Every structure is written in C-alpha cells, then in structure tokens.
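Q: One structure, pasted below without further comment.
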Amino acid sequence: MGLEELLVISMFATFMALLLLGFPVAWSLAGIGLLFAVLGHVLVEHFDADLWFTWDGTIGVLDARIYGIVANELMVALPLFIFMGIMLDRSGIAERLMHSLVRVLGPLRGGYAVTVVLVGILLAASTGIVGASVALLGMLSIGPMLQAKYNKSLAVGTACSVGTLGILIPPSIMLVLMADRLGTSEASVGKLFMGALVPGMLLALMYILYIVVVAWLKKDFAPAPANRQKLDAKALVDVFWAVVPPFVLILAVLGSIFFGIATTTEASAVGAFGAVLMAAFSRKLNMAVLKDALYQTSRTAAFIFGIFIGATVFAAVLRGLGGDDVIRAALTGLPFGQTGVLLTVLLITFLLGFFLDWVEITLIILPLVAPVLFSMGVDPLWFAILFALCLQTSFLTPPVGFALFYIKGVCPPEVTTRDVYLGVLPYILIQLLGLALVFFFAPLATWLPNEVYAQ
C-alpha cells in the first residue's frame, strides 16, 4: 500500500471515528482536513515524501472555493425551500388533509394508513423537509391509529417511512444539493426534479399496496373502525378544498421550473411567498409564527452550509493528497465492469447510510465517485436518481436513521424502539425494491425528463 492510499484511508477512518465519538460533523470534516493538510505539508517539505500535495494548491484556494459556494445562485433556493416547508407546517394544511381524507378512507380496512400515505405525498411535494413531515404525520396519525386497534409497528412504520418521501419527491433540498455537486447539465435541478417524480410516486404506490395486502392478510393489523362515519357530499367537498391549496402551490413551484418560466431559485421564492399566503388564509400567520419560521430556516440553512464548508476543506485536502486517483483506481480496478462498479457504489452508499446523514454522503462521497462512473459511460441522470433512492433509506436505517429519532419523539409511551425498528423494516425492503426497479428499468427515471427537456 502506497503513501497516498494510506493517507486517504486514514482520513476516512479518522472521520468515522470522530463521528462515533459524537463530534459535530462540520467540525470533524474541517478539523480532519486541516490536520491532514499539515501532515501532508510536513511530509512533503521535511521528509521529501512522494506526494503532489502543495499547501497553496489546497488550503490556499479554500477562500475562493467557500466564496463560490455561498455566492452560488442555486444555493439561494435551499433556505427558501426550507422556509416554504416550515411555513406550510405551521399553516395547518396537513391537519385539514388528514381529517378530511379519514372521513373518506377511514371506513376501509387499512384506510387510515392509506390516508397517511396520501397526506405524506402532498406534504412531500409541498414541503420537502423530512423532519417536519415525519414529526407532523406521527403526531396526527399514530394516536388515532392505535385507538383504532392498528398494529403498533404498522402504525409507526407507516408514519415514519412516508415522511421520508419528502427528500425524494420534488421540490427536494437533497436534489438541489446533488445537482450542485454533480455540476453537469445532464443532471440539472429541473431534470432531477422530473426524474425523481416517477420513482417517488412509485414508492408511494408500493407503500399503499403493502398496506392493503397486509390489512387483507392479517385482519387484526389494520381493522376497519367500529363506528364508521357516513360518507356524504360534504366530506367529498372538504377533501377537495383541503387538496386544492397545496396542489396549487406544487403546480406553481414545479410547473414554473418544468415549463421554463422560472429558474429553481425564482421558483423557490414563489413557493416561499405562496406558503406565507396559505398560512395567512388559514389564519395561522402572526409575528410569533413568522419569527419561529425564520429562526428554524436560519438554523437549518446554517447547519447545511456549515457541513458544506467542512466538506469543502475535507475534499480539497483529500484531492491534494491524491484521493481522486486512489478512488478512481480502486473503482476501475474492480473486476465487475460498469454494472458491477455501479452496484458496488450503491451498496457502499447504502451501508454508509447506517452511519452518515444524506448531507455528508452527498457532499463527500458523491463528488468522488460520480466522475469515475460518468467516465465509464453511466448516465448521470439515471445514476443521480439511483443515488437519491439509496440515500432515502439512510433516514430509516439504524443507528443514525434520523427519521427514527423524529418519530420516537412523538410516539405514545407504549410504543417501544423495537416497534419502530420492526415497523420501518418492510418499508426499507420496499425502498430497495424500488431501487432495483429503477436500476433494471432506467426509463422510470429518465423517460419523463428526456421528454420534457427534449430539444
């Protein structure tokens, strides 16, 4: 093993060790980068090590790289989409959707769980923030489902897993970050949004199918309520008026991007303004709500950009130490061919999801492996959607699955951690099945964007 390979492996091993010890991600990335930059400089200058590392070529250009991140117009969309999601969370839309849809679907066996999926789809397409969606769906649905004698694992697993659709179904802040890191017009934000639409909806339909089949096979898992409310025209009208506001907002945001009316950044501003209007029409808008939304937006955006800066330091030093060459040689040296290398990358990404958040994987791993795969002829758009589907499972895989912590925080006391893990397990398998379908049937991810953006 050469010196370059040893240093690259040591950087990743040190990063994982600090994470397991509980150190903040942003500080760990930046600190490890600076530590190995000093080490590389000492090895080259004082021990004549066989490295191409230069201090000026790595640390010396960090100011320009960091400025390039914060000055990137596309990045303005991040806080705006976050603000849009938080304002919609405060507007009471989800509560109205849940109550109106339950009147229609509640009398059916498994109807309450199906309602959670449908509400989750609309939340995903209008907020894109997993933490808010999971917590909100959990608070609204778990208690009533348990009162209706639903199996605890099914109730918790459904609310937890459906909430993660927000990271995949556009507008998604993950897809915005991925487009920025990939840096190719073949995987622009608009194409990623359009490419993720069909797989995201496919996952939601598979969730519904799973619920219906389980409710049919196991009568006690999702029983129909004993006191069924009569379905009337008023209930259907309530559903219509509950669905229209978020649907209009989704159409305004995604439609303006897909039809070339607005850029992603401009569409995010439209969404943020629309969310404020919807909160106002719902009579939920006041100074306290606005202040809290701005605070939460600033906090979340600062967290993401902090990791951005730390990952920039880490990646710059890694490249300076020959990390790109080491990873390229490792991947191209695999005796599997293009398909085998792609499967290896996806498997590693899935396993990393047990320990890392999607932000770290997107900012660190994606820029390292994507150029190698692209040089081997892998379609950037197809790969990006596969990568996104793989990352979605990171929210549900213990021990660092953040959706598991979100849902446990709003569960009733009788719901144990074991119930949460057992509940999400079938949905992880469904997500892997969805990943396999997109892998073997690439048009699921590429057909729609190619049709919309065809020249």
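The values are calculated or read from the model by the stated rules, or taken from the named source; none is laboratory data. Treat the numbers as computed from the prediction; the structure is a model and nothing was measured. So basically every Cβ, Gly included, is an ideal-geometry build from the backbone, and we count neighbours across all protein chains shown. Just the protein is used for accessible areas: all its heavy atoms, side chains included, with ligands, DNA and RNA removed. Shrake-Rupley method; radii C 1.70, N 1.55, O 1.52, S 1.80 Å.
Q: Quick one: which of Ala262, Ala275, Ala267, Ala301 is open to solvent by less than 40 Å² (accessible area, probe 1.4 Å) and either among the acidic types (Asp, Glu) or in contact with a Pro (Cβ under 6 Å, 6 or more places away or on another chain) (or both)?
A: Result of the check over Ala262, Ala275, Ala267, Ala301: Ala301.
Q: Same structure again: List the pairs whose first member sits in the range 60-71 and is more than 14 Å from Ala30 (Cα to Cα) and in contact (Cβ under 8 Å) with a residue 12 or more places away in the chain, whose second member is part of a helix (DSSP H, G or I) and of a type in the set (Phe, Trp, Tyr), and whose Cβ atoms are under 6 Å apart, counting only residues at least 6 apart or on separate chains?
A: Filtered contacts from the range 60-71: Ile69/Phe308.
So that you can scan it fast, the table gives a plain yes or no per residue for (1) in a helix (DSSP H, G or I); (2) over 27 Å from Ala26 (Cα atoms):
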| position | (1), (2) |
| --- | --- |
| Phe308 | yes, no |
| Phe314 | yes, no |
| Val317 | yes, no |
| Ile327 | yes, no |
| Leu334 | no, yes |
| Gly340 | yes, yes |
| Leu347 | yes, no |
| Leu351 | yes, no |
| Phe355 | no, no |
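Q: Out of all the residues in the range 143-152, which are open to solvent by less than 20 Å² (accessible area, probe 1.4 Å) and either in a helix (DSSP H, G or I) or closer than 18 Å to Ser133 by Cβ (or both)?
A: Selection gives Met145 alone.
Q: Does the range 323-353 hold any residues that are open to solvent by 50 Å² or more (accessible area, probe 1.4 Å), among the hydrophobic types (A, V, I, L, M, F, W, C), closer than 23 Å to Gly33 by Cα and under 28 Å from the mean Cα position of the chain (by Cα), and which are they?
A: Matches in the range 323-353: Ala330, Ile348.
Q: Consider Ser133 carefully, then state whether it is assigned to a helix (DSSP H, G or I), of a type outside the set (Val, Ile, Thr), under 18 Å from Thr416 (Cα atoms) and open to solvent by less than 30 Å² (accessible area, probe 1.4 Å).
A: no
Q: Considering (1) without any contact (Cβ under 8 Å) to a residue 60 or more places away in the chain; (2) out of contact with any Pro (no Cβ under 8 Å at 6 or more places or on another chain); (3) open to solvent by 70 Å² or more (accessible area, probe 1.4 Å), say which one Ala454 fails and leave the rest.
A: Of the numbered conditions (1) without any contact (Cβ under 8 Å) to a residue 60 or more places away in the chain; (2) out of contact with any Pro (no Cβ under 8 Å at 6 or more places or on another chain); (3) open to solvent by 70 Å² or more (accessible area, probe 1.4 Å), the odd one out for Ala454 is (3).
Q: Val198 fails exactly one of the following numbered conditions: (1) open to solvent by 10 Å² or more (accessible area, probe 1.4 Å); (2) within 15 Å of Tyr427 (Cβ to Cβ); (3) in contact (Cβ under 8 Å) with a residue 12 or more places away in the chain; (4) β-branched (Val, Ile, Thr). What is the number of that condition?
A: (2)
Q: Could I ask something else about it? Please state which of the following conditions Pro199 fails to meet, knowing it meets all the rest: (1) in a helix (DSSP H, G or I); (2) on the phi > 0 side of the Ramachandran plot; (3) not aliphatic (A, V, I, L, M).
A: (2)
Q: Let me ask another. Before we move on, is Phe308 open to solvent by less than 20 Å² (accessible area, probe 1.4 Å) and in contact with a Phe, Trp or Tyr (Cβ under 9 Å, 6 or more places away or on another chain)?
A: Answer is no for this residue.
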